[in-house]
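The values are calculated or read from the model by the stated rules, or taken from the named source; none is laboratory data. Since we're looking at a predicted model, the values are computed, not measured. Glycine also receives a Cβ, built like all others from the backbone with ideal geometry; neighbour counts cover every protein chain displayed.
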Amino acid sequence: MKKDPCIKEALLYQKIGEKVKCMTCERYCEIPLDGYGFCKTRKNINGKLYTLEYGNISSLSANPIEKKPFFHFFPGSRALTVGSWSCNFTCPWCQNWNISKYPPDPEKRNYLSPENFIRLMKEKRCQGTSISFNEPTLLFEYSLDVFDLAKREGFYNTYVTNGYMSLEALRLLVKHGLDAINFDVKGDAEAVEKYCRADVERVWRNIEEARKIGVHIEITTLIIPGVNDDEECLREIAGRIREIGDIPWHVTQYYPDYKAFEVGLYPGRTPVETLENAWKIGRREGLNYVYAGNVPGHRYENTYCPSCGKLLIRRLGFDVIDYKITLEKRCPRCGEAIPIVGRYVK
């Protein structure tokens, strides 16, 4: 029988008798023989842990890096972005539910080798990689192999994640060439426990660790009325970001999807006024760079100098319309240093 390239022994696990303990994410599932982990992408086969979706790609596109969103990392560049199947969170509002709420199906696999990933990235004239769409930690082993190849040829590597990987997994990703992470902070402890069945403190721990070891970080919060739009919650998120460092915060517009109506979530798009209020809270809490997302053309999707207020990067959706930051990454008017990683790609 031909070997399935999407089934590969996992890197991070421990044997506990006939069970195996997955060490890839913070759920640390203990999986019996022939059983699956919480995410349904890892299985105990004959006492060993296997990933069932190595290179099993559900979605692929060449995206502007601003779509991740990354606004302070290689502005104007493009990243070849892939996702796979399933998730380790239970968010009822998921806007990629058609892939994140389904386990990998061996009858529908779409295998893309790491080598072909890099070939496609070059063909599409991208400057780097991004693992996204569903939770990228589930593509952990594949990510490491892709990152190794990409770094060897001078490309960057990014993750867009809920941040629930184990510390060991995070450190291995960085060791293999992860350059930038966008962490999705979905709310305060109560909201994340209720809707995602997760502990937000572990996400904050990973943000702090990634910052400490030099990874570029941006943070996104999907603003959902009735879930995380109250002032106390937003002030808490902004305050914790400020304590960690000068990190961009994206407050983005929600729209109801998946099971949002079943659990009684807000029935329409987040009002723009709610996003503007979140932006103002972030600025009052001392954040230099707060951005309103999913509202193309809004003034709060631009970058302004925190010192003199000069418009430095004008954006329209995912496009950079104008870029005024100097080669030395400073404001041309007052000389303020602007935290931008990498070059501007015109």
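A few comments on the model shown:
- Filtered residue count, region 162-211, keeping only those that are among the small types (Gly, Ala, Ser), out of contact with any Leu (no Cβ under 8 Å at 6 or more places or on another chain) and either surrounded by fewer than 17 Cβ atoms within 10 Å (Cβ to Cβ) or within 16 Å of Phe89 (Cα to Cα) (or both): 5
- In region 307-332, the residue that is nearest to His216 (Cα to Cα) out of those that are in contact with a Leu (Cβ under 9 Å, 6 or more places away or on another chain) and in contact (Cβ under 8 Å) with a residue 12 or more places away in the chain is Ile325.
- Taken over region 10-33, residues that are at positive phi and at pLDDT 95 or above amount to 1.
- Residue check, Ala189 touching a residue at least 60 places away in the same chain (Cβ under 8 Å) and of a type in the set (Gly, Ala, Ser): no
- Index of the failed condition, Phe70 passing every other in (1) over 27 Å from Ile223 (Cβ atoms); (2) modelled with pLDDT of 95 or more; (3) crowded, with 18+ Cβ neighbours inside 10 Å; (4) not β-branched (Val, Ile, Thr): (1)
- Matching residues, region 162-186, being within 8 Å of the chain's Cα centre (by Cα) and either in a strand (DSSP E or B) or farther than 11 Å from Asn206 by Cβ (or both): Ile181, Asn182, Phe183, Asp184
- Selection of region 193-216 for residues being in a helix (DSSP H, G or I) and touching a strand residue (DSSP E or B) at 6+ places or on another chain (Cβ under 7 Å) yields Val203, Asn206, Ile207, Ala210, Arg211.
- Checking Ala238 against (1) of a type in the set (A, V, I, L, M, F, W, C); (2) in contact with a strand residue (DSSP E or B) (Cβ under 7 Å, 6 or more places away or on another chain); (3) loosely packed, with under 15 Cβ neighbours inside 10 Å, the condition it does not meet: (3)
- Qualifying residue in region 226-235 (condition: within 21 Å of Thr303 (Cα to Cα), crowded, with 21+ Cβ neighbours inside 10 Å and either aromatic (Phe, Trp, Tyr) or assigned by TED's automatic domain parsing to the domain that holds Asn157 (or both)): yes
Residue-wise test of (1) touching a helix residue (DSSP H, G or I) at 6+ places or on another chain (Cβ under 9 Å); (2) farther than 30 Å from Ile99 by Cβ.
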position: Glu276; (1), (2): yes, yes
position: Glu285; (1), (2): yes, yes
position: Val320; (1), (2): yes, no
position: Glu328; (1), (2): no, yes
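- In region 132-161, the residue that is farthest from the chain's Cα centre (by Cα) out of those that are surrounded by 24 or more Cβ atoms within 10 Å (Cβ to Cβ), outside any strand (DSSP E or B) and among the polar types (S, T, N, Q) is Ser143.
- The residues listed here are Ile247, Ile340; of these, the one that is assigned by TED's automatic domain parsing to the domain that holds Trp97, of a type in the set (Val, Ile, Thr) and under 28 Å from Lys212 (Cβ atoms) is Ile247.
- Failed item in (1) surrounded by fewer than 20 Cβ atoms within 10 Å (Cβ to Cβ); (2) within 30 Å of Gly293 (Cβ to Cβ); (3) touching a residue at least 40 places away in the same chain (Cβ under 8 Å), with Ser61 passing the rest: (3)
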